[in-house]
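Handing you a structure now.
The values are calculated or read from the model by the stated rules, or taken from the named source; none is laboratory data. Note that the coordinates shown come from a computational prediction; the quantities given were computed from them, not determined experimentally. Backbone-built Cβ (ideal geometry, glycine too); neighbour counts: all protein chains shown. Note: accessible area is taken over every heavy atom of the protein model, side chains too, but ligands, DNA and RNA are not part of it. Shrake-Rupley method; radii C 1.70, N 1.55, O 1.52, S 1.80 Å.
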Amino acid sequence: MSIEPAPALSLRGLTKRFGQTLAVAGVDLDIPAGSFFGVVGPNGAGKTTTLSMATGLLRPDAGTVAVLGVDLWAAPETAKPLLGVLPDGLHTFDRLTGAELISYAGRLRGLDREVVRERRDDLLAALDLEDAGGTLVMDYSAGMTKKVGLACALVHAPRVLVLDEPFEAVDPVSAGAIRRILQAFVQTGGTVVLSSHVMALVERLCDHVAVVGAGRILDSGTLAEVRGATGDLEGRFVELVGDVRDQRDLTWLRLS
């Protein structure tokens, strides 16, 4: 009798309020190990807050998180090394060079200096940052900052990667390199969870998806299951979250 593997992430009853605003309203979600999982939703839907709680960056008001069966809040010293995290709007030590920042992330995870050096150089090359390795991160473009943040998330070889808008502000060539790295990570047994507003990207990369709206999971499952009979993720997304309510005719914008 085979034993079902623990989900990469298991969220139960996750709840978060900011003042009078209920940002996340009792989210239950299992993310299968080995999946490429997309989280989609409109602005203000609660995606970032949910992922922040799922990775230990934000403590929930209620609920639990398990990383590959390990309780994140009861045993953080065991659970957190399993995670690689790229938050949206990353704030980092930008007075370090790119190479120094990756090295710092590796040493922070307890890696040997020589191991860190080898992995740092591999990541700089894979993400086309070799020429910028000696440049201060404060002088990086938004796309370069996103890439060095991804390198920091990968350097300790986590089992679950959680990436909030990883392709935002990244040029097409670099985006291709990131896609190849993430796809290879999943093919070798890792799990990737990413949030995105770009439905075409999610459909291209992900095999599972969850649609978030008003702090709740509106639908989740395999990509085919969520698409439904229409086979169109964007159409299903609009159906679940609702279209723009006030469809005004902006005649004053017309030139003639």
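Does D88 satisfy the condition of being closer than 23 Å to V209 by Cα, touching a strand residue (DSSP E or B) at 6+ places or on another chain (Cβ under 9 Å), at pLDDT below 95 and in a loop (DSSP other than H, G, I, E, B)? Spell out how you get there, then give the answer.
Details: closer than 23 Å to V209 by Cα: yes; touching a strand residue (DSSP E or B) at 6+ places or on another chain (Cβ under 9 Å): yes; at pLDDT below 95: yes; in a loop (DSSP other than H, G, I, E, B): yes.
In short, yes.
Next up: Output the qualifying pairs, or none if there are none: Cβ atoms under 8 angstrom, residues six or more apart or on different chains, first residue in segment 76-87 and in contact (Cβ under 8 Å) with a residue 60 or more places away in the chain, second residue open to solvent by less than 30 Å² (accessible area, probe 1.4 Å) and among the basic types (K, R).
L86/K146
Right, something else. State all residues of segment 34-72 that are open to solvent by 20 Å² or more (accessible area, probe 1.4 Å), among the hydrophobic types (A, V, I, L, M, F, W, C) and within 15 Å of the chain's Cα centre (by Cα); if no residue qualifies, say none.
Within segment 34-72, L57, L58 qualify.
Still on this structure: Counting only residues that are open to solvent by less than 10 Å² (accessible area, probe 1.4 Å), among the aliphatic types (A, V, I, L, M) and not in a strand (DSSP E or B), how many does segment 188-242 have?
So the answer is 3.
Quick check on P166: is it more than 13 Å from the chain's Cα centre (by Cα) and either over 22 Å from D121 (Cβ atoms) or open to solvent by less than 10 Å² (accessible area, probe 1.4 Å) (or both)?
no
Do any residues in segment 48-70 that are over 18 Å from A214 (Cβ atoms) and of a type in the set (G, A, S) have Cβ atoms under 7 Å from those of residues that are in a loop (DSSP other than H, G, I, E, B) and open to solvent by less than 20 Å² (accessible area, probe 1.4 Å), where the two are at least six apart or on different chains, and which pairs are they?
Taking only residues 6 or more apart or on different chains, the pairs are G56/L72; A66/L72.
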